[in-house]
Structure formats: C-alpha cells, structure tokens
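Worksheet: one structure, shown below.
What follows is calculated from the coordinates using simple rules that are stated; it is not laboratory data. Owing to the predicted nature of the structure, the values given are computational and were not obtained by experimental measurement. Glycine also receives a Cβ, built like all others from the backbone with ideal geometry; neighbour counts cover every protein chain displayed.
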Amino acid sequence: MTEINRARRPQLPTELLREIVSHYTQTLPSRGPEKGRQSYKPAWSDFEPLTLASKVLRQLALEAWFKVYFARSPDDLLNVWPEFELWTKELHCIELDTDLQIRPVQWNLRAFRRLRKLRVDFDPAQSNAMLLMRFDHPRNIASQLQELDVHDVSWPSPMVLRLISQAFPGLRVLKLAQDLIWCNLCNICRFATFKNHPPEEIVYDKVVGLPKHYAMYLMPLVNLQTVQFTISYGLGGSTSLWHNDDTMWSGECDACMDMMFASGDFRKDWVERKKLIEKPPSLQCVRWRFRHKNVEDVVVDLEDEPEGGADQEEDEEDT
Ligand SMILES: [Zn+2]
C-alpha cells in the first residue's frame, strides 16, 4: 500500500522545477556593491537547502550554482567536473599577473563548451594590457562568446581592442571598466575630471557614442550590439556632463574640452563629425558609466605616459 501511495504522489516535471530554481536564483538578494576581483555569484548557503530536498532538486541546484564559475588561477579550470561542460555559461577569472613578466600560461576554456560570457578582472596596479591574449584558447569556444566584461585593463590602447576583436569575433556585448579614458582629440590616455559629479550613466542609442578609435578597432565585430564603458573620474575639471546634448561627450579629456570646446565653431564641427563616425554594423547602444575615484588612487603612473600617447604604441605595433 505504501509503495502504491508513493507511486501516485504527484511530481512536478523536471523542466518546471528547473524554471522554478532559475527564477529563485534570479530573485536572490544582491550581495552588496560589486567589488573588483571578488566573486559575484550568489552565496552557497542560498543553494545548500535545495541540494538536501531531493535528488532532482540537488541536481538542479548544482546546475544553477555552477552557471557562473569563479576562477582565481588558470589551474582552477583544469580539473573541473565533467558536468561543467553543460552547466557553466559564465566564467569569471581573476588575472593578477603583469605583462612585464609575461608567462606562457593560458586560461584553458576547453571544459566550458556552452560558455556565453567571460569576465576578466585584472589587477589595476599591474601593467596588464597584453594579458587578454591568455583567454582565447581553444579558439572555437572563444569565438562563440557573446559577452566580454573586462575590468581594470591598465592602459586602453589599439592593442587591447585589436586583441578583443580578433579573439572574440562573436561578441554581442562588450563591457570595459577602467580608470583611464583614451581621448580621441589628443590621442592620450588620461584620468577623467569633471566640474561636478556626472549622471549615473549616459546612453547613446541613435548615434555612435564611441570614440573614433574604438569604433574603428571594433568594426570587425559584426554582431556587436552594445558597448558599455565604466570609467573612473575625479572632480576639479572644467566641464559638466549634465547638459550633454550639444557636446555628445564620448571620452574627450578635460584638457581638450577646456581648450578646444571654448571655440563654439570647433565644438559644433566636432559634434557633427561624431554623428558621422562609421560604427560596427550591428551597434545599437553605447553606455558610459562613472565611478568616482581620487587621482591618488589611480595606480597607473600618469607621469610615465608614453610620448605621443596611444599613437606611438600603434606605430610600434604596426612595424
Ligand atoms: Zn584629450
């Protein structure tokens, strides 16, 4: 009789349970402000009770928990469970090395065949612009990535953008969080300063919104729909971003704005030229976000700026 009752006990289909667990994951409370070089996964304690409820729920909870995999070193990717091949959609890697002492170590994505998003957190205290080269192996998995989120690349430059567009040709979303802007008026990477705190974000959805350099180097990404910059800024500049319609600010440094925008004619001409910049073919939206920082906390040695800014690096690279 007991066996009969057990057989008749109603059971939800696994597919429905999976949807419930997925919804539960999405509704978990935030773990507080996101911090660089720390995992943004939900806490394990939120999943553990599910793993104890039933065999099916245990499987589904593990699947949801490992949707994002957090790795502190390339070794963390080598001996993962076989199921990760099916479960993990997002990989979050912490890369603390420096390209001043580059080692031939690859982050091997081989075990993550359904990967859709890669986030890489660099150490802002290190020169690291070349280290993205370590994340494109094997080629077939790097090519299928739809979203790349790079934090704290030390020096925005043609090399970084070229690496991105060559290594990850399938990108739909590119997010770059960095301390410096790469001004396309003077072609120098600088720490941004404004007259007052900028809006939380500036969104361009009908015009390009990208500095010309970025538009040019990202052109090969034919599926790219969204680019999001999060840049650091300080106060003490001369320009406010609160009345942006007649400037369409897209990464110009304060020195250039102060000096060159003083001429209304130049500013109008510059804005008109920005509207005509050729953009990656699928681009729909460019977002600029801002994080306040004291210039003393920006680790890159601003005095050590290469002569000629990013131009020099580009010239050297082309030789
Ligand atoms: Zn400038």
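Just a few scattered comments:
- Rounded if a/c under 1.5, otherwise prolate or oblate - segment 69-318, Cα gyration tensor axes: prolate
- Rounded to the nearest 0.05, the FRET efficiency derived from the C-beta distance between D76 and K55 at R0 = 35 Å is 0.80.
- Solitary cysteines of the chain, where the nearest other Cys Cβ is not under 4.7 Å: C93, C186, C189, C256, C285
- Over segment 69-318, relative contact order from alpha-carbon pairs under 8 Å, at least 6 apart, %: 18
- Beyond 32 Å in Cα-Cα separation lie the following of the pairs K35/K212; K117/K195; K206/K293; K35/K275: K117/K195; K35/K275.
- Shape call, segment 179-233: gyration tensor on alpha carbons, a/c limit 1.5: oblate
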